[in-house]
Structures are given as C-alpha cells and as structure tokens.
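What follows is a set of notes on a single structure, which appears directly below.
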Amino acid sequence: MLIFTDSRCLEYETVGHPERSFRVRDSERLLRERHPDWEWPSFEPAVEADLARAHMEGHLARLRVAERFDSDTAYYDGIFEIASLATGGSLAAMKAALAGEKAFSLMRPPGHHAEQDMAMGFCYLNHAAICALAAQAEGISRVAVWDFDAHHGNGTEAILRTEPGTLYVSIHQHPCYPGTGLESKGNCRNYPVAPEEDPDAHMAVLRKSWEELLAFEPELVLVSAGFDAYEHDPITQMSLRINDFRTLGQWLSETKIPTAALLEGGYSEDLPELVDTFLSGWSE
Ligand SMILES: [Zn+2]
C-alpha cells in the first residue's frame, strides 16, 4: 500500500470547524504505527494545466483572493498551494494505481464539492475530477469515480457529466448538504439514502452501486473515500459501522482494476480507525 501525504496540509485550521488537521495528522500516525511495511512516497503539487482541465481560470485566480467562499469554506493564506498539493497527492495515487499499486491520498482539503468555478463545502479544487481528466489525457479511455462520502459530490458530478468515457457513482444521505444528487442523469448515477437508514440496507445500496460501476468496465477507478457515513460522525445522520468500511476496502481488493482512493470527508474522532479499517480491508 502506498500512502501519499504531506505535513503542509496541516497548516490551516479554524477553531470549531469540523474539517481539522487532526484528521490527517492522527491518521498518518496510526497507519505508520500499524503498517511499518507501507510506503510513503513524496510527490509534487498539481500544475495549473492539470487543474485547468476541471476548473475555470477565474476560479484558480479567486482561490488566491483573501475573502471567504461561503459560510463554511474560509479563505486561508496559501490555500491555493495547499489544495494544489492535495490534488498532487491524488494524481500521484492515480499514477501509482496505473502502475499496479494500491494507493491512497491522505490529504486535505477534500475536493468533491468544488465545482468548475466555485469553492464550497470545505472544498477548493476537485481532486477526483482533475484525476479522471488527467487519466483520460494519458490515454485511459474509461474512468469511474465511486463516491461513498455521506454527502453528494455535486462538484464531481458537475465537472464529469459532460465528459464522455467517465462514470460518476455517488451514494449519499438525502436530505442533507448540498441537496443535489436525487436522481441519475446520463453518466452520473446517484443513490440517495435516507438518514438513519439501517446499516445493512445502506451496505446493500453500496454493493448495488459498486456493481453498476464494475458493469461500466472502467480501466481506472478513483474512490472518493469519505468516512462521514459512519454512525458516530458529528455532521451526518448515517449508520455505517466501523467494519462496514473494511467491507468496502475488500470490494476494492477483489477487483483487478487499477484503483486509487483519496480522502474526502469524515469528521468523527474515530477517523484514523476508519481509514485504517478501510485500507486494511483493501490491502488483504
Ligand atoms: Zn462528506
């Protein structure tokens, strides 16, 4: 297993905000303790040519303007560079996957709410969509994104829905932020799940969505791995148990399709255990 992380992503924080630096810092510490054989390669930030496949020039400029984006998405000094570094971790994981490795980008900020021209929902750059388009630029013709974060990835859908050869599959709580993803359209397949849904029923929906993704016969799978569908997550009302994340990882390990995963949400103090459980299931 290759883990891509960089301590520069710990350098921003708002007191009381759920998207805090412990998420990456404590997850890294736990994974290094438990898996001394896993590798931690270094990587470079994404370059603007990669970002520009998914985002408008004006958006990339706006990320350098010191004004907040919405009520829960602040401006931080250097946030453009930090978000570009997080995209770089995802791109490195994607390239490692195409070279036959299992790879996870353990970075922040997350990305799946960021649209072509808008930062929102703790997200500034859409790492998954940027990776999908970068893979296509490298000749990978069929790319699927599987997003099991508790929130709908409105940004990934908005960017990929006009892109032939891509599939976006999202399983998310509804009703919930951001309020999108109620129905499937074209290459964007949405699976809304009710708050407090029985975890076995939720897992059955996840399995159905995974089989739909496999039926697309992708050459590359990118996983928007959010851990906020966990029963003790403080900002959602879903019910997945810790070992359900092991099952999701095991599904990845059963396929021979190159697969890279990247951290999206997940705000409970148990996040390091959730990440470890998911990656351990995948590495089996
Ligand atoms: Zn989320």
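So which residues in region 247-258 are closer than 15 Å to His202 by Cβ and surrounded by 21 or more Cβ atoms within 10 Å (Cβ to Cβ), if there are any at all? Spell out how you get there, then give the answer.
First pass over region 247-258, keeping only residues closer than 15 Å to His202 by Cβ: 247-248, 251.
Within region 247-258, Leu248 is the sole residue that qualifies.
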- Message: Of all residues being hydrophobic (A, V, I, L, M, F, W, C) and away from the ligand (no atom under 13 Å from the Cβ) in region 115-126, which is surrounded by the fewest Cβ atoms within 10 Å (Cβ to Cβ)? Just the residue, please.
- Response: Met118
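Residues checked against (1) surrounded by 16 or more Cβ atoms within 10 Å (Cβ to Cβ); (2) without any contact (Cβ under 8 Å) to a residue 40 or more places away in the chain:
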{"residue": "Asp198", "(1), (2)": "no, no"}
{"residue": "Ala204", "(1), (2)": "no, yes"}
{"residue": "Leu222", "(1), (2)": "yes, no"}
{"residue": "Met238", "(1), (2)": "yes, no"}
{"residue": "Ile242", "(1), (2)": "yes, yes"}
{"residue": "Phe245", "(1), (2)": "yes, yes"}
{"residue": "Ala260", "(1), (2)": "yes, no"}
{"residue": "Leu263", "(1), (2)": "yes, no"}
{"residue": "Trp282", "(1), (2)": "yes, no"}
- From His232, His174, which residue is within 14 Å of the ligand (Cβ to nearest atom) and surrounded by fewer than 22 Cβ atoms within 10 Å (Cβ to Cβ)? His174
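Need at least 1 residues that are over 29 Å from Thr162 (Cα atoms) and touching a helix residue (DSSP H, G or I) at 6+ places or on another chain (Cβ under 6 Å) per element, so show me which helices (runs of 4 or more DSSP H) inside region 1-107 make the cut, counting only ones lying wholly within it.
Details: elements: 22-34, 48-51, 57-62, 79-98.
Of the helices (runs of 4 or more DSSP H) lying wholly inside region 1-107, those with at least 1 residues that are over 29 Å from Thr162 (Cα atoms) and touching a helix residue (DSSP H, G or I) at 6+ places or on another chain (Cβ under 6 Å) span 22-34.
If you scan region 250-269, which residues turn out to be of a type outside the set (A, V, I, L, M, F, W, C), within 25 Å of Leu85 (Cα to Cα) and more than 15 Å from the ligand (Cβ to nearest atom)?
Result: Pro258, Thr259, Glu269.
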- Identify the residue in region 127-155 that is touching a strand residue (DSSP E or B) at 6+ places or on another chain (Cβ under 7 Å) and of a type in the set (D, E, K, R) and, among all such residues, is farthest from the ligand (Cβ to nearest atom). Asp147
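Laboratory data are not the source of any read-out in this text; all were calculated from the coordinates shown. It should be emphasised that the depicted structure is a prediction, and the values quoted were computed from it without experimental measurement. Virtual Cβ from ideal backbone geometry, glycine too; neighbours counted across all protein chains shown.
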